[in-house]
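Engineer: After the structure tokens below, expect a handful of questions from me.
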Amino acid sequence: MKFSDKDVNALFDAVKKVGTSVEAQAGTELAALGMYDHSFYYRILEADGEDKANEMHKKVWLKHVKDYVIEGKDDLKIDKIEDVQTVGLITKIAFEKRGCIFDIGEINPDIFVGIITRDPLKEFVEDAFQEEIRNPYMRSLARVMNSVFEGIVEECGLSASIEVTQDQSLYLGDSVTKVVYQSK
């Protein structure tokens, strides 16, 4: 998503008026996201159970996929996405813009391996709410992340030609989150 110069300048003016830095404001925004996401999940869990909480959690996060793809296309200056490599790069851009450290393990015409070594949302909820690996919320975040990876492929119109696997997740106690996009 591309914001106009007027919108960006208005944001910077607001940050200055508050008397903070852009970096500090980013931290505030991450905290707000983490608090909202955590409370949203647990309110549904308490009212309707884990299956419904997982379903709604996924729906909310998938609403962002279209924006992730638009942002990636803008950053890469492309109109059309046609291959595994580009899908992987769009995913990398999306997650890096949200504070993750996202490395490329392998990239060629048939495969893209992305490795997330740091996820600030995970770190925030562990610290702020003492969330533990493999509890319902963390399991839901692992599933959500996999659904986002699949959603990016779908939004790019490449579900018929690209397979997605996520066999490791920071949210489940692995040392990294690993996504593999592979040509079918």
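Engineer: Return the residues of region 34-70 that are within 15 Å of the chain's Cα centre (by Cα), surrounded by 16 or more Cβ atoms within 10 Å (Cβ to Cβ) and aliphatic (A, V, I, L, M); say none if nothing qualifies.
Structural biologist: Of everything in region 34-70, those that are within 15 Å of the chain's Cα centre (by Cα), surrounded by 16 or more Cβ atoms within 10 Å (Cβ to Cβ) and aliphatic (A, V, I, L, M) turn out to be LEU62, VAL65, VAL69.
Engineer: Hey, among the residues in region 96-125 that are surrounded by 17 or more Cβ atoms within 10 Å (Cβ to Cβ) and without any contact (Cβ under 8 Å) to a residue 40 or more places away in the chain, which one's nearest to the chain's Cα centre (by Cα)?
Structural biologist: CYS100
Engineer: Here is a check on your reading of the model: is LYS178 assigned to a helix (DSSP H, G or I), among the basic types (Lys, Arg) and surrounded by 14 or more Cβ atoms within 10 Å (Cβ to Cβ)?
Structural biologist: No, not satisfied.
Engineer: May I pose another question? Just to be sure, is GLU82 among the acidic types (Asp, Glu) and closer than 26 Å to LEU172 by Cα?
Structural biologist: no
Engineer: Which of (1) in contact with a helix residue (DSSP H, G or I) (Cβ under 9 Å, 6 or more places away or on another chain); (2) surrounded by 14 or more Cβ atoms within 10 Å (Cβ to Cβ) is the odd one out, the single condition GLY88 does not satisfy?
Structural biologist: GLY88 satisfies all of (1) in contact with a helix residue (DSSP H, G or I) (Cβ under 9 Å, 6 or more places away or on another chain); (2) surrounded by 14 or more Cβ atoms within 10 Å (Cβ to Cβ) except (1).
Engineer: Oh, and also: List the helices (runs of 4 or more DSSP H) inside region 1-120, counting only whole elements, that have at least 2 residues being acidic (Asp, Glu) and more than 24 Å from ARG139 (Cβ to Cβ).
Structural biologist: Counting at least 2 such residues, we get 5-18, 22-48, 65-76.
Engineer: Now for a separate question. Of all residues in region 71-82, which are surrounded by 12 or more Cβ atoms within 10 Å (Cβ to Cβ) and among the acidic types (Asp, Glu)?
Structural biologist: Of everything in region 71-82, those that are surrounded by 12 or more Cβ atoms within 10 Å (Cβ to Cβ) and among the acidic types (Asp, Glu) turn out to be GLU71, ASP74, ASP75, GLU82.
Engineer: State yes or no: is THR165 touching a residue at least 12 places away in the same chain (Cβ under 8 Å), out of contact with any Ser or Thr (no Cβ under 7 Å at 6 or more places or on another chain) and of a type in the set (Val, Ile, Thr)?
Structural biologist: The answer is yes for THR165.
Engineer: Next question, about the same structure. Name the residue that is farthest from ARG134 (Cα to Cα), counting only residues in region 147-171 that are hydroxyl-bearing (Ser, Thr, Tyr) and touching a helix residue (DSSP H, G or I) at 6+ places or on another chain (Cβ under 7 Å).
Structural biologist: SER159
Since every read-out is calculated from the coordinates, none of them should be taken as a lab result. For clarity, every value in this text was computed on a predicted model and none was experimentally measured. All Cβ positions, even for glycine, are placed from backbone atoms using ideal geometry, and neighbour counts span all protein chains on display.
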